[in-house]
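To start, the structure itself, in structure tokens.
The values are calculated or read from the model by the stated rules, or taken from the named source; none is laboratory data. Since the structure is predicted, the reported quantities are computational estimates derived from the model, not experimental observations. Neighbour counts run over all protein chains shown; Cβ positions are idealised from the backbone, glycine included.
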Amino acid sequence: MKGVLMRFSGFRVFKEALSGHKGWAPLWRNPDPQPEYDYVIVGGGGHGLATAYYLATTFRKSRIALLERGWLGQGNIGRNTTIIRSNYLLPGNEPFYEFSMKLWEGMEQAFNFNAMVSQRGILNLIHTDGQRDAYRRRGNAMLLAGADAELLDVAQVREMAPFLNFDNARFPIKGGLMQRRAGTARHDGVAWGYARGADLAGVDLIQNCEVTGFRIEEGRVRGVETSRGSIGAQKVGVAVAGNSSRVMALAGMRLPIESHALQAFVSEGLKPTIPGVITFGAGHFYVSQSDKGGLVFGGDIEGYNSYAQRGNLPTVEDVAEGGMALMPMIGRARLLRSWGGLMDMSMDGSPIIDKTPIEGLMLNAGWCYGGFKATPASGYCFAHLLATDTPHPTARALRLDRFARGYVIDEKGVGATPNLH
Amino acid sequence: MLIPHPLLGLRDAQEFVYLGDASLLNRPDGMAEGAAEAFGDYVYLRDNPAGVHRELWFHEQGDRSWLVVTRDTTTHEILGAELARDVALAAKGGAA
Ligand SMILES: Cc1cc2nc3c(=O)[nH]c(=O)nc-3n(C[C@H](O)[C@H](O)[C@H](O)COP(=O)(O)OP(=O)(O)OC[C@H]3O[C@@H](n4cnc5c(N)ncnc54)[C@H](O)[C@@H]3O)c2cc1C
């Protein structure tokens, strides 16, 4: 059964405003699970929802269920700092993230939902000659992959963000790498847009349904055990982010992943001051300003294994110090909220979209602290793999066996130390 | 988080550097049959449990000893700490 079509438009908003908003309907159905599907997607975060959406729309598959332990969007998709960008260096990553950026640019029209995609730009600050060389190289790699990149000198940065502390003794600002097509999007809106689009295309979005085991016969997956009973499936795609190791352990697999906590913060609403996204990598701090005016900022992961979905105070202090060093004016703003999410930190800092040794069971994981920007391409490429049994051209390097084979995609070059990526 | 260092008492976790799962103490034999696969698993694969986890912490800003800390990853509660040296020697069946 397909969902009920309720299209959004300016006219519709106007009409509802005049008629007491009585005409809005729920965005998706709330079906009970069927005994058997062709495709089961595990995890109702951004990646699972996008996978279901593209599987049903672009790849025209049917009999699809998405199983979510809690409610749709309860995980990292609703907890991130909403930055979208395609400013990676390595050939295994950059074409994939640029594919994602292009999908962001057309996605709201495609699924008819306002995800508030805002290409307000991202500026990575430069403090040393070495960093300038590294960013020049990265910018060139981006251009080669069809993305946009500009190297800014200090006068250009000053014009854009005059409030920065340019003459900090330890980290004077010497310029920046700018990607103008980067920006932010409304994280919940992305989840809801994909969920509604998938529901309209006939996907059963099943909430409060935790996967507790896999049915595996002669090396082939036949279905899943859940808190709402057994569900048969021809193919199963797992996209559970921070819980990847736990879920795949149910299939007897160990992953090249550690789970870590990452915190984020938001201040009281302020008048518009921050023009886009600004990152201060050297000082473990990045910031943007939401449309409501709050400064949204964060820093590094906590650095030790955690499933607690919260961090500790030393990181709060570290992030606050980074903020004060970069833009002292932030010191007068009051912090409203902070929260944490569960990062699936991979051993090389790059993701995995691949088959597993168990036939029909496929894995989407290892997104670290940067999977929000990947949501559209991750869903598209995972749907491609599930539907065609072959990797999408931009996701060919994101293999599970690349670690053992020595083909890691290590942007930072720090080796198998998840807490340093 | 406070780590109960066996020699120094309670120390702030900020004084330590984290390495990860204490199974890293059990380095495979590089000369054994199948060493390449064993090292692939050793370097890259982790149990990553939700719950009790034994893990290596290095007291970098302290006495520079390696500890095996037992910690609950769902609550961050620290359940104990031993000198990694003692753990490694006990595993080999030898005394310190
Ligand atoms: C504080 C913070 C800031 C971040 N900032 C950014 C950023 O600025 N830019 C960026 O690109 N990325 C960012 N990220 C990372 C990004 O949010 C994640 O990489 C991405 O959301 C992960 O994919 P997902 O949306 O599918 O995960 P999730 O939303 O976590 O989805 C996984 C889902 O699986 C479900 N699940 C787990 N186990 C089971 C089970 N057994 N059965 C059924 N369902 C299960 C969970 O309940 C969850 O809903 C940030 C993350 C955090 C926490």
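The set of residues in the range A:138-182 being farther than 21 Å from A:GLN119 by Cα, touching a Leu at 6+ places or on another chain (Cβ under 8 Å) and of a type in the set (Val, Ile, Thr) consists of A:ILE173 alone. Exactly one residue out of A:GLU94, A:GLU108, A:GLU36 is within 16 Å of the ligand (Cβ to nearest atom), in contact (Cβ under 8 Å) with a residue 24 or more places away in the chain and among the acidic types (Asp, Glu), and it is A:GLU94.
Taken over the range A:209-226, the criterion of being part of a strand (DSSP E or B), within 11 Å of the ligand (Cβ to nearest atom) and not charged (D, E, K, R) is satisfied by A:VAL211, A:THR212, A:GLY213, A:PHE214, A:VAL224, A:THR226.
Among the residues of the range B:33-51, are any among the hydroxyl-bearing types (Ser, Thr, Tyr), at the interface with another protein chain (Cβ under 10 Å from one of its Cβ atoms) and under 20 Å from A:GLU302 (Cβ atoms)? There is no residue in the range B:33-51 that is among the hydroxyl-bearing types (Ser, Thr, Tyr), at the interface with another protein chain (Cβ under 10 Å from one of its Cβ atoms) and under 20 Å from A:GLU302 (Cβ atoms).
Restricting the range A:382-421 to residues that are in a helix (DSSP H, G or I) and within 14 Å of chain B (Cβ to nearest Cβ), the residue that is farthest from A:MET248 (Cα to Cα) is A:LEU420. Yes or no: the range A:227-248 includes at least one residue that is surrounded by fewer than 23 Cβ atoms within 10 Å (Cβ to Cβ), outside any helix (DSSP H, G or I) and near the ligand (Cβ under 10 Å from one of its atoms). Scanning the range A:227-248 turns up at least one residue that is surrounded by fewer than 23 Cβ atoms within 10 Å (Cβ to Cβ), outside any helix (DSSP H, G or I) and near the ligand (Cβ under 10 Å from one of its atoms). For the range A:296-314, a tally of residues being touching a residue at least 12 places away in the same chain (Cβ under 8 Å) and either surrounded by fewer than 17 Cβ atoms within 10 Å (Cβ to Cβ) or facing chain B (nearest Cβ under 10 Å) (or both) returns 10.
Which number in (1) more than 14 Å from chain B (Cβ to nearest Cβ); (2) away from the ligand (no atom under 11 Å from the Cβ); (3) closer than 27 Å to A:GLU98 by Cα; (4) not aliphatic (A, V, I, L, M) marks the one condition that A:THR356 misses? Unmet for A:THR356, out of (1) more than 14 Å from chain B (Cβ to nearest Cβ); (2) away from the ligand (no atom under 11 Å from the Cβ); (3) closer than 27 Å to A:GLU98 by Cα; (4) not aliphatic (A, V, I, L, M): (1). For the condition more than 8 Å from chain A (Cβ to nearest Cβ) and acidic (Asp, Glu), B:GLU15 qualifies. In this structure, is B:VAL68 assigned to a helix (DSSP H, G or I), modelled with pLDDT of 95 or more, in contact with a helix residue (DSSP H, G or I) (Cβ under 8 Å, 6 or more places away or on another chain) and closer than 28 Å to A:MET343 by Cβ? Here the answer is no, as B:VAL68 does not meet what is asked.
Among the residues making up the range A:51-70, those that are of a type outside the set (Val, Ile, Thr), on the phi < 0 side of the Ramachandran plot and more than 8 Å from the ligand (Cβ to nearest atom) are A:ALA52, A:TYR53, A:TYR54, A:LEU55, A:ALA56, A:PHE59, A:LYS61, A:SER62, A:ALA65, A:LEU66. Has the range A:73-84 got at least one residue that is free of Cβ contacts under 8 Å to residues at least 60 places away in the same chain, within 14 Å of the ligand (Cβ to nearest atom) and farther than 20 Å from A:GLY183 by Cβ? The answer is yes, given that some residue of the range A:73-84 is free of Cβ contacts under 8 Å to residues at least 60 places away in the same chain, within 14 Å of the ligand (Cβ to nearest atom) and farther than 20 Å from A:GLY183 by Cβ.
For A:SER290, the conditions (1) among the hydroxyl-bearing types (Ser, Thr, Tyr); (2) crowded, with 23+ Cβ neighbours inside 10 Å; (3) within 21 Å of A:ALA185 (Cβ to Cβ) are fulfilled apart from (2). Annotation note: Cβ proximity below 7 Å between a residue of the range A:250-275 that is within 21 Å of B:GLU37 (Cβ to Cβ) and away from chain B (no Cβ under 12 Å) and a residue that is in a loop (DSSP other than H, G, I, E, B) and modelled with pLDDT of 95 or more (sequence gap 6+ or interchain) occurs for A:ALA251/A:ILE358. Screening A:LEU123, A:LEU103 for residues that are in a helix (DSSP H, G or I), of a type in the set (A, V, I, L, M) and not assigned by TED's automatic domain parsing to the domain that holds A:HIS47 leaves exactly one candidate, A:LEU103.
Against the list (1) more than 9 Å from chain A (Cβ to nearest Cβ); (2) buried (at least 17 other Cβ atoms within 10 Å of the Cβ); (3) in contact (Cβ under 8 Å) with a residue 60 or more places away in the chain, the condition B:HIS59 fails is (3).
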